[in-house]
Each structure stands twice: as structure tokens, then as C-alpha cells.
Ligand SMILES: [Zn+2]
């Protein structure tokens with residue numbers, strides 16, 4: 001299926017990831033999958049009180065690249081949140 005990517009808005013072949021309602025180009029889908037994976041790993045690392053710098057070093061540049069390409073561009077320069085106490089936001 002060809003259409004506009006929900007994330008970056010460019011015309012491309014689109015795919016829907018499992019458990020998601022948005023339809024994205026392959027590049028955005030790859031980033032979303034990797035970000036979700038790393039984020040889940042990062043959350044459990046922080047929860048276990050382990051060192052998370054390595055994960056953050058992977059996660060932050062990827063997140064910035066993704067935000068820069070997406071409709072969320074204005075937020076791309078915001079700092080990585082320090083607050084890790086909001087556990088309930090991600091199920
Ligand atoms: Zn895209």
C-alpha cells in the first residue's frame with residue numbers, strides 16, 4: 001500500500017506494526033520498533049537499579065533522529081527526561 005507515512009509524512013510504501021493504529025514507512029517502522037525495544041529494556045534496567053548509560057547512549061540519538069524526521073520535530077531538542085518515577089505511563 002502506497003500513501004503518506006503517519007510519522008514523517010512522506011509518500012512511501014506503508015506498513016502497520018502489530019498493536020499499533022498508525023501506518024508508517026519502513027524507515028519509521030524500523031525506528032519505532034527499535035525505540036520501543038530499547039525503551040522497554042531501559043525501563044527495566046532503571047527499575048532494577050542497574051547502569052543505564054549504555055542504553056541511553058543508544059536510545060537518545062535514535063530518538064532525536066526519529067523526532068527530527070517526524071511531526072514531533074519541535075520537541076526534538078528537548079532534554080531526555082530525568083524523571084523515571086512515572087512507571088504507569090507504559091504498560
Ligand atoms: Zn516515515
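Values for this structure:
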quantity	calculated
Segment residue 30-residue 11, extension gain: residue separation times 0.36 nm, minus the distance between their alpha carbons	5.2 nm
Fewest-first ranking of 6, 22, using other Cβ atoms within 10 Å as the exposure measure	22, 6
Extension gain from residue 20 to residue 44, taking 0.36 nm per residue of separation minus the Cα-Cα distance	6.4 nm
Calculated FRET efficiency for the pair residue 57/residue 37, C-beta based, R₀ 22 Å, to 0.05	0.90
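Bear in mind these aren't lab numbers, they're just calculated from the coordinates by the rules spelled out. Everything quoted here is computed from the prediction, not taken from an experiment. Here the Cβ is made from the backbone with ideal geometry for all residues, glycine too, and neighbour counts use every protein chain on show.
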